[in-house]
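Structure first, commentary second.
What follows draws every value from the coordinates through simple rules; no lab data is involved. Just so it is clear, the model here is predicted, and its values are computed rather than measured. As a convention, Cβ positions derive from the backbone with ideal geometry for all residues, glycine included, and neighbour counts pool all protein chains shown.
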Amino acid sequence: MSLKIHPKIIIIGPCRTGKTNIANLIAGTSEHPSESYEKTVGVRIQEVITQTTVSAPGLGNKVYVEVWDVSGDRAFEGGWKAIQQDTDAIIFVYNAEDRSQEREMEWWYRSFAMPLSMKDSNCLVFAQHLHPFDPPMGPPTPGKAFQRIPSFHTSIEQTPDLIKSEFEKLCQNAIINALDRKEREEKRLLG
Ligand SMILES: Nc1nc2c(ncn2[C@@H]2O[C@H](COP(=O)(O)OP(=O)(O)OP(=O)(O)O)[C@@H](O)[C@H]2O)c(=O)[nH]1
Ligand SMILES: [Mg+2]
């Protein structure tokens, strides 16, 4: 019998920062940046198969992870409560070329990570570059809330392997969280 869990990872951050491009790279639907910008309407859900190193009775070595690519447009804020539900991990994306977004990220943290009591280990930051950048830089600095959260300078062209490998690592923590979530739910149902 296979153990059915549904790990869920959401990708959030301001508009036009590369969330959809990152989601497509992770899901294997595109290896290149999109030529034109098409804003995400509300949310787009993709399923990604990941190899897992987590061992649990009944859990195979392949798990389907839901990746929710969320629009950065606050006009869709009404749907955020539903989006947050059962989230196991968060990828924050901002535009590294826009310093004002570093300050904005604390707001995204308060709006998503705090209400979910998300562990730092289940969060990840991609400071996305929409133009070529010089790789030897210090880590990005999106603000105090992110001090213990793994943060990387990224772009689809220059760091595709980093994006994929950090996503894979995050998946393992999301799987552990989803297993705990399932166990809590089963205990709750049994009373
Ligand atoms: N060259 C290059 N362009 C990028 C990269 N990431 C994003 N872009 C460009 O930036 C624009 C916005 O990218 P999206 O991925 O659609 O942005 P988003 O964060 O999903 O935006 P919303 O859906 O509105 O929240 C597009 O025109 C992309 O082609 C990148 O790594 N390299
Ligand atoms: Mg998008």
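If you place +1 on the Cβ of every Lys and Arg, -1 on the Cβ of every Asp and Glu, and leave all else neutral, what size is the dipole of the range 1-148 about its Cα centre, to the nearest 20 Debye?
Roughly 440 debye for the range 1-148.
Between residue 106 and residue 148, 0.36 nm times their residue separation minus their Cα-Cα distance comes to what?
13.8 nm
How big is the gap, in Å, between the Cα center of the range 88-145 and the Cα center of the range 16-69?
18 Å
Would you calculate a helix-derived [θ] at 222 nm for the chain, using -39,500 (n - 2.57) for each DSSP H run of n ≥ 4 and dividing by the full residue count, to the nearest 500?
For the chain, the value works out to -9000 deg cm²/dmol.
Can you compute 3J(HN,Hα) from phi for each residue in the range 139-148, using the Karplus curve 6.51 cos²θ - 1.76 cosθ + 1.60 with θ = phi - 60°, rounded to whole Hz and x for Gly and Pro?
For the range 139-148, the Karplus curve yields x, x, 10, x, x, 3, 4, 9, 3, 9 Hz.
Quick one: grab the alpha carbon gyration tensor of the range 143-191, order the square roots of its eigenvalues as a ≥ b ≥ c, and give me rounded if a/c is under 1.5, else prolate or oblate depending on whether a/b is larger than b/c.
oblate
For the pair residue 180 and residue 16, what calculated FRET efficiency results from E = 1/(1 + (r/R0)^6), where r is the Cβ-Cβ distance and R0 = 25 Å, to the nearest 0.05?
0.10
Quick one: of 4/182; 8/62; 62/119; 19/164; 144/164; 62/164, which pairs are farther than 20 Å apart, Cα to Cα?
Correct reply: 62/119; 144/164.
Compute the Cα gyration tensor for the chain, then decide on rounded, prolate or oblate, letting a ≥ b ≥ c be the square roots of its eigenvalues: rounded whenever a/c is under 1.5, prolate when a/b is larger than b/c in the other cases, and oblate in all that remain.
It comes out prolate by the Cα gyration axes.
Name the long-range amide H neighbours of residue 43: under 5 Å, sequence gap of 5 or more, or other chain; modelled H, no Pro or chain starts.
71
For the range 1-85, just say rounded, prolate or oblate: build the C-alpha gyration tensor, square-root its eigenvalues into a ≥ b ≥ c, call rounded for a/c under 1.5, and beyond that prolate if a/b exceeds b/c, oblate if not.
oblate
Out of the DSSP beta bridges found with both residues in the range 8-190, what percent are antiparallel (nearest 5)?
For the range 8-190, the DSSP antiparallel bridge percentage is about 35.
Please give the residues of the range 108-144, grouped as numeric ranges, whose backbone N is less than 20 Å from a label point set 7 Å along the Cα-to-Cβ vector of residue 76.
108-116, 124-128
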